[in-house]
Every structure is written in C-alpha cells, then in structure tokens.
Amino acid sequence: MNSKSVFCTAVLIATCAAAFATASVRAAEPIVFTSWGGTTQSSQDKDWAQPFTKATGIHVLMDGPTDYGKLKAMVDSGNVTWDVVDVEGDFAYAAQKAGLIEPIDFSIVKKDDLDPRFTSPGAVGSFYYSFVLGYNKSKFTGAQPSTWADLFDMKRFPGKRTLYKWSAPGVLELALLADGVPPNKLYPLDLDRAFKKLDTIKSDIVWWSGGAQSQQLLASGEAPIGMFWNGRLHALEQTGVPVGISWNENLTAADMLVIPKGAKHRDEAMKYLATATSAQAQAKFAEDTGYAPVNVKAPELMPAAAAKTLPDQYKTSQINLDMKYWAEHRDEIAKRWYAWQSK
C-alpha cells in the first residue's frame, strides 16, 4: 500500500471514529420530561422513566410544572428544551390544531393497545382520572353525601366546599348536574345556569389549585366536602384519613402526553412514549397512584385489589368530559370564569 493509500485509510478511520463518537454522545443525551410535580410525577419517574433508562441507557430529566405558555414560547422561538410533556386533554387537542406538537409515530407507539378515548394523532393518554365527590367522614356523622347535589346542600351538609380553581373541565359540569341537567345534555354548556348554581355556594367555596392542597383542605376539615381527583383521595386514604368517596356521576378525563414541535430528541421521545404507555408501565403507575391506565392490557397485570379502586370500575356512572368542546371554548369560558371568581 502506498503512502497516499495509507493516508486515505487513516483519514477514513479517523472520520468514522469521530462520527461514531458523535453518534454515541448524541444517543447518550438525556431527554426532558415535564409534568405536574408531586406524587404523580414521582410515580411517572419511578414507573416510566427509570425502566426506560434501564432499557435504553437514555436518562430522563424531570422538569415542571407543565406551563402551556412556556411550551408555546419554546415552539415559537425554535428553542425547545422539553421533549415530552404531560398536558390536559383539551390543551392537547388545541395544541394539535395550532401546530404546536409533533404527530405520534404509531409504528413505535402501539396504538392498538391504547384506549381510543384518549388517543389522537398528536397525543396519547398519560393516565385517566375522575373528579369525584369526596368528604371527611369524621365531619359528617349522620347522613353521608353521595351526589353532586349534596355538594350544594348547605343545610344537610354544612361547612366549606373545596373546588378546583382553574378554568378547566369539571366544575361547570358538576354544577349543571347538581341542578338537574341530564348527563347527555351537558354540552354545549349552559354557562348562565352553571354560574347561577355556583352562586348559591360561592361564599363557602375554598379553592384548590393543586392536588396536595386539596388533600390538606379535606384532611384538616377546613373544607370537609368537595370535588377531588380520585388519585389524591386514594393517596390520602392510605395515610389513615377517614375519606369518603362517591363515584356517582364521576367526571372522567385524561392527561395526555405530547412532544413539542421541534423537540431536539424526537426519536428518543417517541420511544419514551412507547415505554410510558406500555401495559407494564401503566399497570405499575396505576397501582401506585389510583389513576386508571390508558393501556387496555394493563389491568390484567395489576393485583385484583388495586384494580378495583380504579375509575374504570365505575363506568356505569361515569361521564366523559368533552375535551374537544373545551379545546374550542376554553378561552371564552376562562374570561367569564375568572371574572366571576374576582367579584
């Protein structure tokens, strides 16, 4: 081999080695998963992120809380630092329409295993939950509340009420149900009727803006009755608090997983979605949190006692919140909602 050939071979080897090293570094870069914090994100870390890292070698950095304005600003600026984000269902639909999220690659994510209620071209379910009527049993020694109408009955069930503060699906629907609107007639929401009903207890409402706050209000007795995420009541019950739960007309919705448009690690993020929505990961998360899995094969992997505590055991009394309606109308409802709260 002449000197020119030796030189070319050396250059080729060096180039290949550099390319391989670059690819290895790129593959080793962590991805960023953003969610809502608290016990929910801790379980997402334990049950999804850690097994994903073990299987792929890709580390998952946790960030939060989810912030829709920040997500949009990242996409608009082209500087996207989040790779997978846990969002509410109505935002997922709106973000897809606005071009803020990547389409899901269903050759990687197994669509056939997922509940179709919580699957769309741009998002897959994270978990699903119910808003349920919750109460502190120690504060109601006689009759026990069981319906949304009871939440508005100050004579039979006195005390402060706690409701979700933010303009989101749930509060307006439960007010209409309490006022006698049939579940199949909820949408489009009769806002005048809903706010009129809420006016009857407005002075007795203590607002919660996060799951931990809702638990504290119930446990302390400051607000012994209200609306809660079922998983938060499940967790509170494990601490010994005498929690009462009514699943009558439980209002169901799902958190969704999305990949922001322009995410730097899109391929790795798709693989993370595949892990997070797998039967095993969903079963573990559901067992830890009390939130229902979106993978239809997950319940059979769970202990029977744990599976019985999930929202999917109460489908006969379940009402699916209309996230597409909220995606279309959330901004206009929000203006009235916050104006009403401030009066």
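The values are calculated or read from the model by the stated rules, or taken from the named source; none is laboratory data. For clarity, every value in this text was computed on a predicted model and none was experimentally measured. Positions of Cβ are generated from backbone atoms using ideal geometry, with glycine treated the same way; all protein chains shown enter the neighbour counts.
Observations on the model:
- Applying a threshold of 7 Å to beta carbon distances and a minimum spacing of six or more residues, or different chains, the list of pairs starting in segment 93-114 at a residue that is in the same structural domain as residue 296 (by TED's automatic domain parsing) and ending at one that is at pLDDT below 95 and assigned to a helix (DSSP H, G or I) reads 93/323; 93/324; 93/327; 94/327.
- Taken together, the residues in segment 119-147 that are within 18 Å of the chain's Cα centre (by Cα), among the hydrophobic types (A, V, I, L, M, F, W, C) and part of a loop (DSSP other than H, G, I, E, B) amount to 0.
- For segment 73-109, a residue qualifies if it is part of a loop (DSSP other than H, G, I, E, B) and either among the polar types (S, T, N, Q) or touching a strand residue (DSSP E or B) at 6+ places or on another chain (Cβ under 8 Å) (or both), and the qualifying residues are 79, 80, 81, 82, 83, 100, 102, 104, 107, 109.
- Residue list for segment 248-273, restricted to those being out of contact with any helix residue (DSSP H, G or I) (no Cβ under 9 Å at 6 or more places or on another chain) and closer than 27 Å to residue 131 by Cα: 273
- Condition broken by residue 58, with the remaining ones in (1) modelled with pLDDT under 90; (2) not in a helix (DSSP H, G or I) satisfied: (1)
Residue by residue, here is whether (1) β-branched (Val, Ile, Thr); (2) touching a strand residue (DSSP E or B) at 6+ places or on another chain (Cβ under 7 Å) holds:
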position	(1), (2)
257	no, yes
272	no, yes
276	no, yes
282	no, yes
287	no, no
294	yes, yes
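- Within segment 320-339, the residues that satisfy the criterion of being within 17 Å of the chain's Cα centre (by Cα) and of a type in the set (A, V, I, L, M) are 321, 323, 327.
- Filter result (under 24 Å from the mean Cα position of the chain (by Cα), outside any helix (DSSP H, G or I) and among the acidic types (Asp, Glu)) within segment 164-209: none
- Any hit, segment 225-238, residues being in contact with a Ser or Thr (Cβ under 7 Å, 6 or more places away or on another chain), within 21 Å of residue 297 (Cβ to Cβ) and either surrounded by 22 or more Cβ atoms within 10 Å (Cβ to Cβ) or polar (S, T, N, Q) (or both): yes
- Options 276, 286, 235: the member that is under 17 Å from the mean Cα position of the chain (by Cα), touching a residue at least 40 places away in the same chain (Cβ under 8 Å), assigned by TED's automatic domain parsing to the domain that holds residue 134 and farther than 23 Å from residue 173 by Cβ: 235
- Just one of the listed residues (212, 254) is part of a helix (DSSP H, G or I) and either buried (at least 24 other Cβ atoms within 10 Å of the Cβ) or modelled with pLDDT under 95 (or both), and it is 212.
- Looking only at segment 154-163, and only at residues there that are in a loop (DSSP other than H, G, I, E, B) and in contact (Cβ under 8 Å) with a residue 12 or more places away in the chain, the one that is farthest from residue 93 (Cα to Cα): 156
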